[in-house]
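> My questions will all concern the structure given below.
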Amino acid sequence: MSDGQERAWNELGPHYVLPVERDAAATSILPGSHIDPVEVFGRAARLVVEVGSGQGHAIVHAASSDPDTDFIAVEVFRAGLARTMLDADRAGARNLRLVEANAPEVLEHLLPAASVDEVWIFFPDPWHKAKHNKRRLVAPSFPPIVARALRDGGILRLATDWEDYALQMREVMADAAEFAPVFEGEWAPRFDGRTMTAFERKGIAKGRDIRDLAYRRRPRDA
């Protein structure tokens, strides 16, 4: 990290970064550990979790624009989280917390079941080489993990600029019994709550179409 990012981590981290118990890996979550969002934020409010928040542009904009909602950014790269804290502090976004960890473990262990109103996955690593496709986040094993964290009626929002990944996402979610699409036709309309970032502009400049998908968590069995 740069010197400024190191200072941000040390000075802003106590407010923004959630301390978590680790398993074997540095970015793991110890099974059985969890947080209480009401305790973390000091209130009961809607909770949005962004998986793979990168530099934090989307979630900082969302948190500063919607102070009545609480936000958690999940990212494995510390430099991106440090940049997120710097921007959040400048924007006065105190309703944001960060987790340095692998997203599936956060959704499976750290967050209480049925505690999240929306999960956002915007422009995840496409792992576009065929031999690396198996590393993609949105795979058949993923929907049950997201479903555990989402409340009944909660929304999973997806966006990517890689067509074959978009097709994979749609296929995976079509087979996910816990979810139903909240759009008609092939793709969802662009999510108004996603600010246009330099990353998205770069994809558009390269001629790639941006594809959105959105799914509602079906009610759990009584």
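> When the accessible area of the chain is computed with all protein chains present and a 1.4 Å probe, what percentage of it is carbon and sulfur? Numbers along the way, then the final one.
Numbers: 5560 of 10970 Å².
In the chain, the share of accessible area belonging to carbon and sulfur is 51 percent.
> Ok, one more. With every protein chain left in place, what is the accessible area per residue of the chain in square angstrom, probe 1.4 Å?
49 Å²
> A follow-up question, please. Going through the range 142-222, which trypsin sites (Lys or Arg not before Pro) have at most 10 other Cβ atoms within 10 Å and a DSSP loop state? The partial results should precede the final answer.
Numbers: sites: 148, 151, 157, 170, 190, 194, 201, 202, 206, 208, 211, 216, 217, 220; in loops: 190, 194, 206, 208, 220.
Of the trypsin sites (Lys or Arg not before Pro), the ones in loops of the range 142-222 whose Cβ has at most 10 other Cβ atoms within 10 Å are 206.
> Label residue 15 and residue 220 with points 7 Å out from Cα along Cα→Cβ: what is the distance between them in nm?
For residue 15 paired with residue 220, the spin-label model returns 3.4 nm.
> Now for a different question. Beyond 26 Å, what share of the Cα-Cα pairs of the chain is found? Please give it as a whole percent.
34 percent
> Give the relative contact order (percent, whole number) for the range 8-126; include only Cα pairs under 8 Å separated by 6+ residues.
Over the range 8-126, the number comes to 36 percent.
> Another one. So if I restrict to the alpha-carbon atoms in the range 111-222, what is the Rg, and what is Dmax, the biggest pairwise distance, in Å?
Values for the range 111-222 (Cα only, Rg and Dmax): 14.1, 48 Å.
> What number, in percent, do you get for the relative contact order of the range 75-178 if the mean sequence gap of Cα pairs under 8 Å and at least 6 apart is divided by its residue count?
Relative contact order, the range 75-178: 29 percent.
> Over the range 122-179, what lengths in whole Å, largest first, do the semi-axes of the equivalent ellipsoid take, defined as the square roots of 5 times the eigenvalues of the alpha-carbon gyration tensor?
21, 11, 10
> Going through the range 133-205, which chymotrypsin sites (Phe, Trp or Tyr not before Pro) have at most 14 other Cβ atoms within 10 Å and a DSSP loop state?
Those that pass, being in a loop and sparsely packed, are 183.
> How about residue 129: which aspartates and glutamates have a C-alpha closer than 17 Å to its C-alpha, ignoring those fewer than 8 places off in the same chain?
Leaving aside aspartates and glutamates fewer than 8 places away in the same chain, those within reach of residue 129 are 161, 163, 164.
The values are calculated or read from the model by the stated rules, or taken from the named source; none is laboratory data. Note that the coordinates shown come from a computational prediction; the quantities given were computed from them, not determined experimentally. With ideal geometry, Cβ positions are generated from the backbone for all residues, glycine too; neighbour counts draw on all protein chains shown. Just so you know, the surface numbers come from the protein's heavy atoms only, side chains and all, with ligands and any DNA or RNA stripped out. Shrake-Rupley method; radii C 1.70, N 1.55, O 1.52, S 1.80 Å.
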